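Trainee: Okay, handing you the structure first.
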Amino acid sequence: MEDNNQVNVQNDVQPTIQAAPVVEEQQDPRLIHAEIIGELRKEKIGKPIMVIELFLLFGIVFAALPFINNMMNDENSALYRLLHPDAVIDTPISQNNPGEEVNEFLDGSKLQLLSGESKIKYKNIILKDISLSEGTLTCTMYSYTGVVNLDDGEYYMVVSSSSGNELASIKLIGTIDNVEKQYKLRVAGIKFNNSLAYQGKIVEMTSDDYPAFQLTGVTEQGYASMICTRDDRTITYGFKNDFLISISDVDNVLHSAYSDDEYINQLTLSRKKAENLGTSVATVEENEDGYIFTANIVLDSGYTIPTTVVDNNYYSLNTKVNKIAYAQKSKGFDCK
């Protein structure tokens, strides 16, 4: 009997001992570790997706570069206006198709009708309200953007008849910006008829473009002079072997040719120019009719015209005679 009881006790204990491992298996830390491994796998999957997204982004940017470049160079684009806030930009609308933009400017590098309605653009130079009468071209000039010193370049308006025959070349002079200013440009040797139609284009000359000019009275040593006159001003250019070495300038300014305020302004400018050239080089002498400005500039002595002297009729040492002759005639001087 005692043995049977002992057996029953043992049988009662065994189920309890077998249940314990089940509880331990539910709390096995390896199961928690398996969940962490699953999260790491998700991060590894995300990396190639990010690489693909970056690759697509770079591809889009690369493909868009030509369009961005075109917008930077397109004067009517919003990007161009952002990068050039001072640019004078006005986009007109077609009269026939109100929703269609038209080009505001005529191409100044090609022959265009010169009239009050024409608006011609060459690089940064814009001309409009153009008229020709006698030996003068009158126009409004300004720059498309920024400041342009025309005297630093060799810009000419070449005027032709309606049939295309070249009649004259007029030098574009002065400093322009985006403020519209009226200019009267003179040319020697021709009289325009304002009842006729004329064409014109802007040409930028180079040293090889100027026609030859034959000096007279050349000495055995190669010295010669060219005298250019306009109104009451006479400029004598001295050359050696066709290269500039000196300038003599005599400007007889008459009070009667100006209003009182204009005369005082001219006198002030001439005195300032004489001062900048130097007292040994230039003088201003008043007389009962006005004043006389005189300058004798010897360039081959080592003298250099100061940058404070603004006169587009003065040239630097060794400028060739054909360039000076062409430019001065295109500014209305008679040169011999």
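The values are calculated or read from the model by the stated rules, or taken from the named source; none is laboratory data. What you see is a predicted model, and the numbers here were worked out from it, not measured in a lab. Don't worry about glycine lacking a Cβ; one is built from the backbone with ideal geometry, like all the others, and counts go over all protein chains shown.
Trainee: So is I297 touching a Leu at 6+ places or on another chain (Cβ under 6 Å), in a strand (DSSP E or B) and not charged (D, E, K, R) or not? Give the steps one after another, and end with the answer.
Mentor: Values: touching a Leu at 6+ places or on another chain (Cβ under 6 Å): no; in a strand (DSSP E or B): yes; not charged (D, E, K, R): yes.
No: the conditions fail for I297.
Trainee: Can you pull out every residue in the stretch 176-211 that is closer than 30 Å to K240 by Cα and surrounded by 10 or more Cβ atoms within 10 Å (Cβ to Cβ)?
Mentor: Hits for the stretch 176-211 are R186, V187, A188, G189, V203, E204, M205, S207, D209, Y210.
Trainee: Would you please list the contacts, defined by Cβ atoms under 9 Å and residues six or more apart or on different chains, that run from a residue in the stretch 110-130 that is at positive phi to a residue that is assigned to a strand (DSSP E or B) and hydroxyl-bearing (S, T, Y)?
Mentor: Hits for this filter: K123/Y155; D129/T138; D129/T140.
Trainee: Give S195, S163, S143, S225 a once-over and let me know the one that is hydroxyl-bearing (S, T, Y) and within 16 Å of the chain's Cα centre (by Cα).
Mentor: S143
Trainee: Next question, about the same structure. Could you list, in sequence order, all residues of the stretch 248-257 that are surrounded by 16 or more Cβ atoms within 10 Å (Cβ to Cβ) and at pLDDT below 95?
Mentor: Correct list: empty.
Trainee: Further question on the same structure: Could you tell me which of the residues T307, T279, T319 is within 22 Å of T175 (Cβ to Cβ) and modelled with pLDDT under 95?
Mentor: Testing whether each residue is within 22 Å of T175 (Cβ to Cβ) and modelled with pLDDT under 95 leaves just T307.
Trainee: Mind listing just one residue for me: the one in the stretch 128-151 that is β-branched (V, I, T) and more than 12 Å from K184 (Cβ to Cβ) and, of those, modelled with the lowest pLDDT?
Mentor: The extreme case among them is T145.
Trainee: With the requirement that a residue be surrounded by 22 or more Cβ atoms within 10 Å (Cβ to Cβ) and not in a loop (DSSP other than H, G, I, E, B), what does the stretch 327-336 give you?
Mentor: If the condition is that a residue be surrounded by 22 or more Cβ atoms within 10 Å (Cβ to Cβ) and not in a loop (DSSP other than H, G, I, E, B), then A327, Q328, S330 are the ones that fit.
Trainee: Quick check on my filter: what residues within the stretch 145-186 are among the polar types (S, T, N, Q) and in contact with an Asp or Glu (Cβ under 8 Å, 6 or more places away or on another chain)?
Mentor: T145, S160, T175, N178, Q182, listed by residue number.
Trainee: Where the second residue is assigned to a helix (DSSP H, G or I) and the first is at pLDDT 95 or above and lies in the stretch 258-269, which pairs have Cβ atoms under 6 Å and are six or more apart or on separate chains?
Mentor: Y263/H255
Trainee: Do we have any residue at all in the stretch 304-315 that's free of Cβ contacts under 8 Å to residues at least 24 places away in the same chain and more than 30 Å from I190 (Cα to Cα)?
Mentor: Yes, the stretch 304-315 contains at least one residue that is free of Cβ contacts under 8 Å to residues at least 24 places away in the same chain and more than 30 Å from I190 (Cα to Cα).
Trainee: Return the total of residues in the stretch 198-222 being under 23 Å from the mean Cα position of the chain (by Cα) and farther than 21 Å from K119 by Cα.
Mentor: Of the residues in the stretch 198-222, 4 are under 23 Å from the mean Cα position of the chain (by Cα) and farther than 21 Å from K119 by Cα.
Trainee: Then there is this: Can you name every residue in the stretch 177-211 that is hydrophobic (A, V, I, L, M, F, W, C) and under 14 Å from L137 (Cα atoms)?
Mentor: Those that are hydrophobic (A, V, I, L, M, F, W, C) and under 14 Å from L137 (Cα atoms): L185, V187, A188, I190, F192, L196, A197, I202.
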